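The values are calculated or read from the model by the stated rules, or taken from the named source; none is laboratory data. Everything numeric in this text was worked out from a predicted model, so none of it was measured. Note: ideal-geometry Cβ built from the backbone for every residue, glycine included; neighbour counts use all protein chains shown. The accessibility values were calculated without ligands, DNA or RNA, using every heavy atom of the protein model including side chains. Shrake-Rupley method; radii C 1.70, N 1.55, O 1.52, S 1.80 Å.
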Amino acid sequence: MVNKVEREVQVLQHYLNEYGQQMEMLSQQLQMIENGRAEAAAAAETLTTLAASEDGTVLLPVGAGASLRVKVLEPDQVLLSIGANVVVERQNAEAKSFLEDRMLEMEASGKRVAETFGKIQGQANEVARRLDQIYRAVQQGQAPPAPTG
Amino acid sequence: MFEGLKGKLAGVKSRLGGVIIENAEEIETPVEVTPPIEAPAAVSPPTEPADAAPDEAPSSSPADAAPGPSVPEPEKRTLSGFFRRSKAGQPDEPAPAEPPAPEPALPVTDVEGAQKTGIFTKLKVLVTERELILKEDDVREVLDELEIVLLESDVALPVTEEIIDHVRRDLVGRHRKFRESPDEIVTETLRDALLEVLGAGFDLPGYIRGHERPVRILFTGVNGTGKTTTVAKVGAYLKREGFSVVIAAGDTFRAGAIEQIDIHAERLGIRVIQHKQGGDPSAVIYDAVEYAQAHGLDVVLADTAGRFHNKQNLMNQLGKIRRVMKPDLVFYVDEAIAGNDAVIRAEEFDKTVGADGIVLTKADMDPKGGAAISIAHTIGKPLVFLGTGQGYDDLQPFTPAGMVADLLGTAEA
């Protein structure tokens with residue numbers, strides 16, 4: 001009986017670790033997607049500002065809060081990495097539209113990852129609840145209740 | 001799986017179909033038909049009176065009297081014009097619905113009757129068909145769009161170029177009879193182009209059945225791509241296919257890896273051979289092969305620790321594993337969501353340790369499909385499995401026809 005309970009605890013603990021690892025991985029993916037989306041949003045915003053600027057002057061951050069006022073030679077020509085390590089030249093408006101589409105795609109991907117994350121979190125909660133049940137029963141000197149569901 | 005690419009390909013298909021409709025032309029082609037005496041209304045009989053010379057109609061060549069295929073009609077018409085014209089040289093003359101019957105008042109001899117029948121046995125009529133001849137300019141814009149769609153989906157540049165070239169070759173400058181819908185023409189062209197780059201696939205059960213047992217399969221790849229789970233999934237798949245399997249817990253480096261594969265194997269009812277963490281993976285895998293030989297098992301699946309190809313000490317370790325295990329197959333495992341990076345890594349891995357097949361995990365999370373499309377063509381090794389979820393059954397044996405059908409939204413050929 002004790003061995004059986006120990007074995008169940010071992011297996012549940014392993015599942016919990018697995019779920020934890022998967023959630024960690026998905027959480028990293030979510031963070032990457034969010035970073036990518038924010039980067040695309042910033043780029044689109046910069047292109048908008050540049051298009052509206054009369055002489056193509058923008059602030060170029062060089063790090064540590066320092067910026068330079070620079071003049072962009074060709075504000076309407078954007079070199080854009082479209083995927084597969086390929087860079088193409090696009091007009092400002094086209095590049096902005098591409099970036100906005102990319103943001104939408106990333107939002108959709110983020111939603112899917114978040115759904116998977118939620119599903120795994122639910123399963124992990126179930127396992128944690130069962131482990132808790134077993135621990136409490138053992139502490140009270142009772143046989144753990146049979147798993148439900 | 002690959003939803004983004006599917007949606008974009010559907011858009012390209014639709015635009016290419018539009019180009020075909022715009023450029024399809026009706027031409028007149030002489031076709032010999034042999035209608036019954038009571039010709040159907042759709043095929044108009046000749047309009048000669050019953051007492052005309054019997055040889056007149058058959059002897060007149062349509063090429064002499066009417067424009068042939070070399071003189072296409074400039075105007076575009078609809079398919080409703082099929083069989084509209086009945087006789088060479090008399091295109092606009094209205095035709096009776098039925099052939100004229102012999103006059104009862106003027107009986108004919110049997111010979112004459114036979115000759116009259118001959119009039120109808122071989123009719124040369126002009127059939128209006130639609131023919132498709134696309135020029136480079138007609139498709140340039142759509143092909144540019146297809147190129148961008150593929151590149152945006154992380155399909156490697158050489159593979160994209162191959163697909164575009166195939167589509168161009170298939171459509172531009174060729175006379176094609178346009179009897180099917182434009183959607184069918186486009187789908188067929190794209191299907192052929194994708195099948196060309198996807199290669200032939202790999203039938204693992206077939207390979208095992210035709211090979212000396214135990215078949216030894218080594219799984220390699222970079223860290224965190226899901227190798228251990230993939231080993232378990234492949235084990236479950238092979239068990240379902242009726243093979244006996246043993247797993248070697250060859251990832252002795254990562255904390256928890258042995259326990260992980262142990263639990264997987266227990267749940268699947270598969271024997272696992274393991275040593276302590278930090279042990280020599282070659283020894284574990286050697287023991288697993290010995291075990292399989294001693295017990296007459298069909299397959300040894302060897303898990304290994306994840307490593308990057310530029311870590312020389314780890315690559316040397318893999319070299320030792322290869323010498324000890326003598327694998328029949330080396331499967332490189334990477335994640336589909338890595339896109340073009342997965343393709344580049346697979347290429348590097350193939351150069352350094354070799355690979356016989358590829359497994360792409362997390363394909364269900366990948367909206368682009370670039371890695372799945374590019375990897376086989378780029379490294380010249382087949383894609384074997386796609387991991388599509390968290391469960392043991394979420395592993396699809398990769399079939400090029402299946403993937404293309406899925407991408408193009410058609411039934412598998």
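What the table below lists for this structure:
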quantity: Filtered residues of the stretch B:292-319 (kept if open to solvent by 20 Å² or more (accessible area, probe 1.4 Å), more than 36 Å from the chain's Cα centre (by Cα) and farther than 21 Å from residue B:345 by Cα); calculated: B:293, B:294, B:295, B:296
quantity: Filter result for the condition that a residue is modelled with pLDDT of 90 or more and within 14 Å of another protein chain (Cβ to nearest Cβ), over A:74, A:18, A:8, A:24; calculated: A:24
quantity: Answer from B:372, B:355 - the residue that is within 14 Å of chain A (Cβ to nearest Cβ) and either among the aliphatic types (A, V, I, L, M) or part of a loop (DSSP other than H, G, I, E, B) (or both); calculated: B:372
quantity: Tally, over the stretch B:327-351, of residues that are in a helix (DSSP H, G or I) and open to solvent by 10 Å² or more (accessible area, probe 1.4 Å); calculated: 10
quantity: Filter result for residue A:35 (part of a helix (DSSP H, G or I), open to solvent by 50 Å² or more (accessible area, probe 1.4 Å), under 30 Å from residue B:262 (Cβ atoms) and away from every other protein chain (no Cβ under 14 Å)); calculated: no
quantity: The lone exception for residue B:206 - which of (1) away from chain A (no Cβ under 14 Å); (2) at pLDDT below 90; (3) open to solvent by 10 Å² or more (accessible area, probe 1.4 Å) it fails; calculated: (2)
quantity: Residue in the stretch B:238-259 that is more than 27 Å from residue B:310 (Cβ to Cβ), assigned to a helix (DSSP H, G or I), modelled with pLDDT of 95 or more and not hydrophobic (A, V, I, L, M, F, W, C) present; calculated: yes
quantity: The stretch A:17-41 residues that are within 20 Å of residue A:96 (Cβ to Cβ) and touching a residue at least 40 places away in the same chain (Cβ under 8 Å), paired with ones that are part of a helix (DSSP H, G or I) and acidic (Asp, Glu) (beta carbon under 7 Å, 6 or more apart); calculated: A:37/A:107
quantity: Residue in the stretch B:238-248 that is surrounded by 22 or more Cβ atoms within 10 Å (Cβ to Cβ), more than 14 Å from every other protein chain (Cβ to nearest Cβ) and of a type in the set (Gly, Ala, Ser) present; calculated: yes
quantity: Among the candidates A:3, A:35, residue that is modelled with pLDDT of 90 or more and of a type in the set (S, T, N, Q); calculated: A:35
quantity: Residue within the stretch B:391-403 that is of a type in the set (Val, Ile, Thr) and in contact with a Ser or Thr (Cβ under 8 Å, 6 or more places away or on another chain) present; calculated: no
quantity: Unique residue being crowded, with 19+ Cβ neighbours inside 10 Å, away from chain A (no Cβ under 13 Å) and modelled with pLDDT of 95 or more when the list is B:215, B:222, B:197, B:186; calculated: B:215
quantity: Considering residues of the stretch A:122-131 that are among the hydrophobic types (A, V, I, L, M, F, W, C) and either open to solvent by less than 30 Å² (accessible area, probe 1.4 Å) or not in a helix (DSSP H, G or I) (or both) only, the residue farthest from the other protein chains (Cβ to nearest Cβ); calculated: A:131
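Results for (1) in a helix (DSSP H, G or I); (2) within 12 Å of chain B (Cβ to nearest Cβ); (3) surrounded by 13 or more Cβ atoms within 10 Å (Cβ to Cβ), shown as yes or no for each residue.
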residue: A:82; (1), (2), (3): no, yes, yes
residue: A:89; (1), (2), (3): no, no, no
residue: A:98; (1), (2), (3): yes, yes, yes
residue: A:103; (1), (2), (3): yes, no, yes
residue: A:106; (1), (2), (3): yes, yes, yes
residue: A:113; (1), (2), (3): yes, yes, yes
residue: A:116; (1), (2), (3): yes, yes, yes
residue: A:120; (1), (2), (3): yes, yes, yes
